[in-house]
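First comes the structure, then the notes that go with it.
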Amino acid sequence: MTRTILINFMRFIALIFVQVFLLKNITLYNLSIPYLYILFILLLPFEIPNALLFALAFLMGIIIDAFYDTPGLHASACVLLAFVRILFISITVQKDGFDNDPEPTLSIMGFRWFFTYALILTMFHHFFLFNLEVFRWSEIQYTFSRFILSSLFTVFLMLVSGLLFFRRKERK
Amino acid sequence: MRNLLIFITKYNAFFLFIIFEVSALLIYIKYNSFQKATFINSANQVTGNLYARADELNSYLSLRDANEQLAKENAALRNQLKSSFYVDTLAKQKVTDTVYKQQYEYTLAKVINNSVNKRDNYITINRGSKEGIAKNMGVICADGVVGIVMYVSDHLAVVQSLLHKDTHISAMLADNHAIGSLIWGDDLDPHKALLVNITNNVKPRMGELVVTSGYSLFPAGVPLGKVVNLHTKSGGFFLNMEVALSVDFSKLQYVNVVNNKYAQQQADLEAQEKQE
């Protein structure tokens, strides 16, 4: 239990630093912007209470907002992400059958499940984020291409980090 | 009542979602419509400090560029020195000149946070109200116009960059003095902007310099860019043209904040006219 809290806390700090000081400066052709920090919300353990999940998502969003000068933008997208996460997990994962508090990571859940999970949640988050940021229909085409390309970039980074921290014999 | 409680606990995720989402959106909308200096921006203590640290590292890496630019500016300034002109009159007497009174004051500031890839870009600089920076002052650098001061804290300030959908700068064509306004285009290219509202009897040239007009916060004649494309996008009575910006926003290091000493007087006068 304490170990899970410690790991998630360190992940929280590390992802904020990576997002703010590294990924903020990376943009491919002005179209593809990675928002890897949502990986924190994706990787929280299955049994987390809903209230805590929403509170953490809101906190993460508002901290990123403070660095990006956009109060409320990332926070609202993150809260939506947390809601979609609850729906997705309640549909695809049966409640019992895990022995020691599992997390929805690549090494535990397998590639196929994790890829679908990351892709769908990222697309919800990015679609909401980009449309709220631009907030007009006249640029929808441009917004749409940014949304697609950024989602691909973010999911790619998620898979890379999942493989980087791959632990083999966790689930048999 | 019991049933209501059961209903709420059963669908608690949905209700929690509504609560958090509404509060997040309230923050977002409130901030956007009033443009207040909330404490959730990069001029507050914690984020400002972290950005300053990261920037120290960054500035060390770009010392070479900064040096080159300074050397160039030195050369340009040296050209204006009296000693570099040949004096062809023999006798000179000193006159205390009361014709000139300083109107614009410049404060040097360092850029500690910057972005070019968003729809609305902001720049954070390391000078604030203690150093005499106030809201709505203009910001320029050696190459041209950078933006307008938006929020000020004690030692930091946030500048609304030229690359922002709400930035309009009064501009003119350098040769025939036609007045228009400069905005950032829809394609989010950090090197291009649009010059709009030039009346269509004007014949602009390709490559003509675009500078600030005297009607803006800036001194007249600060460069903005060059006309690169004359095609009229949405025509009618006005010409729209594409301008290549002279400032490279992605490499911004040092800027000058312009304090127009007569701005207050002008604003007061114009407010009187509106009251009548």
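The values are calculated or read from the model by the stated rules, or taken from the named source; none is laboratory data. Because the structure is predicted, anything quoted here is derived from the model rather than measured. A quick note on method: Cβ atoms are made from the backbone with ideal geometry, for glycine too, and the neighbour counts reach across all protein chains shown. What goes into the accessible areas is simple: the full protein's heavy atoms, side chains included, and nothing from ligands, DNA or RNA. Shrake-Rupley method; radii C 1.70, N 1.55, O 1.52, S 1.80 Å.
Output the number of residues of the stretch A:4-15 satisfying the condition of being exposed (fewer than 14 other Cβ atoms within 10 Å of the Cβ) and under 26 Å from residue A:92 (Cα atoms).
Result for the stretch A:4-15: 2.
Tell me, yes or no, whether the stretch B:242-254 has at least one residue that is open to solvent by 70 Å² or more (accessible area, probe 1.4 Å), part of a loop (DSSP other than H, G, I, E, B) and in contact (Cβ under 8 Å) with a residue 24 or more places away in the chain. Walk me through how you get there before you give the answer.
Filtering the stretch B:242-254 down to residues open to solvent by 70 Å² or more (accessible area, probe 1.4 Å) leaves B:250-251, B:254.
Okay, now just the ones that are also part of a loop (DSSP other than H, G, I, E, B), so none.
No, the stretch B:242-254 contains no residue that is open to solvent by 70 Å² or more (accessible area, probe 1.4 Å), part of a loop (DSSP other than H, G, I, E, B) and in contact (Cβ under 8 Å) with a residue 24 or more places away in the chain.
Could you please let me know if residue A:72 is within 10 Å of chain B (Cβ to nearest Cβ), closer than 23 Å to residue A:156 by Cβ and not hydrophobic (A, V, I, L, M, F, W, C)?
So residue A:72 does not fit the description; no.
Given the conditions (1) modelled with pLDDT of 75 or more; (2) surrounded by 13 or more Cβ atoms within 10 Å (Cβ to Cβ); (3) at the interface with chain A (Cβ under 9 Å from one of its Cβ atoms), and given that residue B:42 satisfies all but one, which numbered condition is not satisfied?
(1)
Restricting attention to the stretch B:11-29, which residues are closer than 14 Å to residue A:70 by Cα and either more than 7 Å from every other protein chain (Cβ to nearest Cβ) or among the aliphatic types (A, V, I, L, M) (or both)?
Those that are closer than 14 Å to residue A:70 by Cα and either more than 7 Å from every other protein chain (Cβ to nearest Cβ) or among the aliphatic types (A, V, I, L, M) (or both): B:24, B:25, B:26, B:27, B:29.
Which residue pairs have Cβ atoms closer than 7 Å, lie 6 or more positions apart in sequence or on different chains, and pair a first residue in the stretch A:107-121 that is within 15 Å of residue A:160 (Cα to Cα) and modelled with pLDDT of 85 or more with a second residue that is assigned to a helix (DSSP H, G or I) and of a type in the set (Val, Ile, Thr)?
Qualifying pairs under 7 Å: A:118/A:155; A:119/A:155.
Condition first: within 11 Å of chain B (Cβ to nearest Cβ), buried (at least 18 other Cβ atoms within 10 Å of the Cβ) and under 14 Å from the mean Cα position of the chain (by Cα). Now tell me which residues in the stretch A:38-66 satisfy that.
A:53, A:54, A:56, A:57, A:58, A:61, A:64
Would a scan of the stretch B:130-152 turn up a residue that is open to solvent by 20 Å² or more (accessible area, probe 1.4 Å), within 14 Å of another protein chain (Cβ to nearest Cβ), part of a loop (DSSP other than H, G, I, E, B) and not aliphatic (A, V, I, L, M)?
No, because not a single residue in the stretch B:130-152 is open to solvent by 20 Å² or more (accessible area, probe 1.4 Å), within 14 Å of another protein chain (Cβ to nearest Cβ), part of a loop (DSSP other than H, G, I, E, B) and not aliphatic (A, V, I, L, M).
Please go through the stretch A:67-91 and give me each residue that is small (Gly, Ala, Ser), without any contact (Cβ under 8 Å) to a residue 24 or more places away in the chain and either in contact with a helix residue (DSSP H, G or I) (Cβ under 8 Å, 6 or more places away or on another chain) or buried (at least 18 other Cβ atoms within 10 Å of the Cβ) (or both), ordered by number.
Scanning the stretch A:67-91 gives A:72, A:75.
For every residue, the table says whether it meets (1) within 11 Å of another protein chain (Cβ to nearest Cβ); (2) surrounded by 16 or more Cβ atoms within 10 Å (Cβ to Cβ).
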position: A:107; (1), (2): no, yes
position: A:114; (1), (2): no, yes
position: A:117; (1), (2): no, yes
position: A:123; (1), (2): no, yes
position: A:131; (1), (2): no, yes
position: A:135; (1), (2): yes, no
position: A:140; (1), (2): no, no
position: A:144; (1), (2): no, no
position: A:153; (1), (2): no, yes
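For the stretch A:16-37, what are the residues that are within 11 Å of chain B (Cβ to nearest Cβ) and either open to solvent by less than 40 Å² (accessible area, probe 1.4 Å) or not hydrophobic (A, V, I, L, M, F, W, C) (or both)? Walk me through how you get there before you give the answer.
Initial filter on the stretch A:16-37 (within 11 Å of chain B (Cβ to nearest Cβ)): A:16-17, A:20-22, A:24-33.
Scanning the stretch A:16-37 gives A:16, A:20, A:24, A:25, A:27, A:29, A:30, A:32, A:33.
On the basis of being open to solvent by 20 Å² or more (accessible area, probe 1.4 Å), under 20 Å from the mean Cα position of the chain (by Cα) and of a type in the set (D, E, K, R), does residue B:274 make the cut?
For residue B:274, the condition - open to solvent by 20 Å² or more (accessible area, probe 1.4 Å), under 20 Å from the mean Cα position of the chain (by Cα) and of a type in the set (D, E, K, R) - is not met.
Being under 26 Å from residue B:73 (Cβ atoms), open to solvent by less than 60 Å² (accessible area, probe 1.4 Å) and either in contact with a strand residue (DSSP E or B) (Cβ under 9 Å, 6 or more places away or on another chain) or touching a residue at least 24 places away in the same chain (Cβ under 8 Å) (or both) is the requirement here; does residue B:198 meet it? Even if it seems obvious, please write down each step before you answer.
On the way: under 26 Å from residue B:73 (Cβ atoms): no; open to solvent by less than 60 Å² (accessible area, probe 1.4 Å): yes; either in contact with a strand residue (DSSP E or B) (Cβ under 9 Å, 6 or more places away or on another chain) or touching a residue at least 24 places away in the same chain (Cβ under 8 Å) (or both): yes.
No; evaluated as a whole, the condition is false for this residue.
Select from the stretch B:107-129 the residues that are of a type in the set (Ser, Thr, Tyr) and assigned to a strand (DSSP E or B) and list them in ascending order.
B:107, B:122, B:124
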